[in-house]
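Structure first, commentary second.
Just so it is clear, none of the values below were taken in a lab; they were calculated from the coordinates. Every value quoted in this text rests on a predicted model; they were computed, and no experiment measured them. Glycine also receives a Cβ, built like all others from the backbone with ideal geometry; neighbour counts cover every protein chain displayed.
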Amino acid sequence: MFSAYTCYNIGMKTAIVTGASGGIGSQIAQELSKKNYAVIGCYRNGADVCEAMAEDINKFGVFDPYCLNLRSENETAELVKYAVKTYGRIDLLVNCAGIGEIAPLTECNRWEEIIDINLNGTIRMCRAVLPHMFRQGGGNIINISSVWGECGSACEAPYSASKGGVNAFTKALAKETGIMGIRVNAVAPGFIDTEMNASLTDRDVDEIRDDIPLRRLGTPADVAKAVLFLTEADYVTGQIITVDGGWTI
């Protein structure tokens, strides 16, 4: 384990990434590590993925796997205490954890869980890190949303509602915290080639691809590049950056 003293003597910043075992979250964590961030990668499931990432990333940087239940305010608070104690500060929070369910609203069985993880989990994490960002004089929060938060998707009403809430929350929090030197933005991916979309048929995927002006599916790397942009864009806050190849134009 790297100590805070070690990290800051080699010029590292610290990032918390939730959903780090997923396709997009893991890519974001890896890219941040390459940019000299000490990354605390949070997961609920997928410990094996995060442990493998740690073995790889820790050859050149810092990746610290952390099991977290985003539905618990106590656990999110303990995570932040751990981050500050171990690494000294929190420069970046990336809220990437999320779940979904494809079903008509009348048949959706996980709507409360979807809202609680996707929206409330994002809010819990922000509430936990903000006091520390206030004290250190600034910080950066990037929420991973979805194009469905803007235009909605049939048979994904709770998911769409949760991401629409994330978008509105992002804008409101940016207004609230900008005076304290904290930037808050969101990245809204379109169709990204991850396990979350694995249930779609080849025909479904082909039809979606045909509707995308760039004529290809998005990749986790495409989303990670937008996140990296927002880590450097010091005069950008309160924005929803759409990464969808032009799908929702």
What is the chain's relative contact order, in percent, from Cα pairs under 8 angstrom and six or more apart in sequence?
18 percent
Most exposed first, judged by fewest Cβ atoms within 10 angstrom, Asp206, Asp193 run Asp206, Asp193
For the Cα atoms of the chain, what angle does the longest principal axis make with the long axis of helix 157-177, in degrees from 0 to 90, nearest 10?
40 degrees
Neighbour-count ranking [beta-carbon atoms within 10 angstrom, fewest first] of Cys151, Cys50, Cys42, Cys108
Cys151, Cys108, Cys50, Cys42
Taking a ≥ b ≥ c as the square roots of the eigenvalues of the Cα gyration tensor of the chain, is the shape rounded (a/c under 1.5), prolate (a/b larger than b/c) or oblate?
prolate
Taking the 0 to 90 degree range and rounding to the nearest ten, how far is the long axis of helix 23-34 tilted relative to the main principal axis of the chain, both from C-alpha atoms?
30 degrees
Per-residue counts of other Cβ atoms within 10 Å, averaged by peptide: what ranking do you get for 183-189, 161-167, highest first?
183-189, 161-167
Which residues does a label at Asp116 reach in region 42-62, if reach means a backbone N under 18 Å from a point 7 Å past the Cα toward the Cβ?
43-45
Residues with amide H under 5 Å of Val62's amide H, sequence separation 5 or more or different chain, H placed in the peptide plane at 1.01 Å from N; which?
Val39
Taking only Cα atoms, what is the 0 to 90° angle, nearest 10, from helix 220-232's long axis to the longest principal axis of the chain?
50 degrees
